[in-house]
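Engineer: Just dropping this structure here.
What follows is calculated from the coordinates using simple rules that are stated; it is not laboratory data. Just so we're clear, the structure is a prediction, and the values are computed from it rather than from any experiment. Cβ atoms come from the backbone with ideal geometry, glycine included; neighbour counts cover every protein chain shown.
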């Protein structure tokens, strides 16, 4: 999948070198290792809504899950993180203070380190000022329409070959690339068929009530 994505992006950027490349993902290290190695150019952005989930968890750990104080702090710092220049630094400062107050809460430290390790990918106000995306919601919605709505209907079970075939064809259709993609698929699945001579065909006698096709 990564090789296919890299090839597709390379071709798109070759055709449109004027495009701005923005790499949006959650905080998983594997995502950023791949993106840095395969696509070293462009902007790196941690999906804002994933970051907000971590922020909510941090304040829940500080003030109690879903407490009024937690919700109040979350709303305030979510706005700061998204709208204010270097908002992530203010978030880190606030969480560092909470960790100092509660040094034994290891999960709170984990949330603090999440923001520290991704601080260069959380310049949301700057990206928004340049009309650049800060969320991966469009891609997640694509996963729903591409995969979930087709593959997870009641009673469906898939083996790898059949499921992959459906997803390949569906992705080509939804991306508007079916004609070009089918040319490649047709070559792969072409097989020589020998036409049977009529002399070798034995007709089956029709019985009353048979459906003639």
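Engineer: What is the fewest-to-most order of 50, 102 by other Cβ atoms lying within 10 Å of their Cβ? Don't skip to the end; give the middle numbers.
Structural biologist: Numbers: 50 18, 102 13.
By the 10 Å Cβ count, ascending, the order reads 102, 50.
Engineer: Describe numerically, in nm with one decimal, the distance between label points set 7 Å from Cα along Cα→Cβ at residue 107 and at residue 192.
Structural biologist: A separation of 6.6 nm, rounded to one decimal place.
Engineer: With a ≥ b ≥ c taken as the square roots of the eigenvalues of the C-alpha gyration tensor of segment 2-46, please select rounded if a/c is under 1.5 and otherwise prolate if a/b is larger than b/c or oblate if it is not?
Structural biologist: Since a/c reaches 1.5 but b/c is at least a/b, the shape of segment 2-46 is classed as oblate.
Engineer: Here is a follow-up. Taking only DSSP H segments of four or more residues, each worth -39500 (n - 2.57), what value at 222 nm results for the chain once the sum is divided by all its residues, to the nearest 500 deg cm²/dmol?
Structural biologist: Roughly -18000 deg cm²/dmol at 222 nm, from the helical runs in the chain.
Engineer: Oh, and also: Looking at the square roots a ≥ b ≥ c of the eigenvalues of the Cα gyration tensor of segment 42-113, which shape do they give, rounded for a/c under 1.5, prolate if a/b is larger than b/c, or oblate?
Structural biologist: Prolate is the answer for segment 42-113, as a/c is 1.5 or above and a/b outweighs b/c.
Engineer: Given labels modelled 7 Å from the Cα in the Cβ direction, how far is it in nm from residue 31 to residue 183?
Structural biologist: Label at residue 31, label at residue 183, 3.5 nm between them.
Engineer: What's the ranking of 51-58, 175-182 by average number of surrounding C-beta atoms within 10 Å, highest first?
Structural biologist: Highest mean packing first, the order is 51-58, 175-182.
Engineer: Only Cα pairs under 8 Å and at least 6 apart count here; give the relative contact order of segment 5-64 as a rounded whole percent.
Structural biologist: On the way: 31 pairs, mean separation 20.3, N = 60.
Dividing the mean separation by the residue count of segment 5-64 yields 34 percent.
Engineer: While we're on this one: What is the chain's relative contact order, in percent, from Cα pairs under 8 angstrom and six or more apart in sequence?
Structural biologist: Reported as a whole number, the value is 17 percent.
Engineer: Checking the a/c ratio against 1.5 first, then a/b against b/c, what shape does the Cα gyration tensor give for the chain?
Structural biologist: Numbers: a/c = 3.71, a/b = 2.26, b/c = 1.64.
Because a/c hits 1.5 or more and a/b exceeds b/c, the chain counts as prolate.
Engineer: Quick one: work out Rg over Rh on the C-alpha atoms of segment 1-90, Rh as Kirkwood radius.
Structural biologist: With Rg and the Kirkwood Rh in hand, the quotient comes to 1.13.
Engineer: Now, a different point. Multiply the residue gap between residue 160 and residue 1 by 0.36 nm, knock off their C-alpha separation, and tell me the result in nm, one decimal place.
Structural biologist: 55.8 nm
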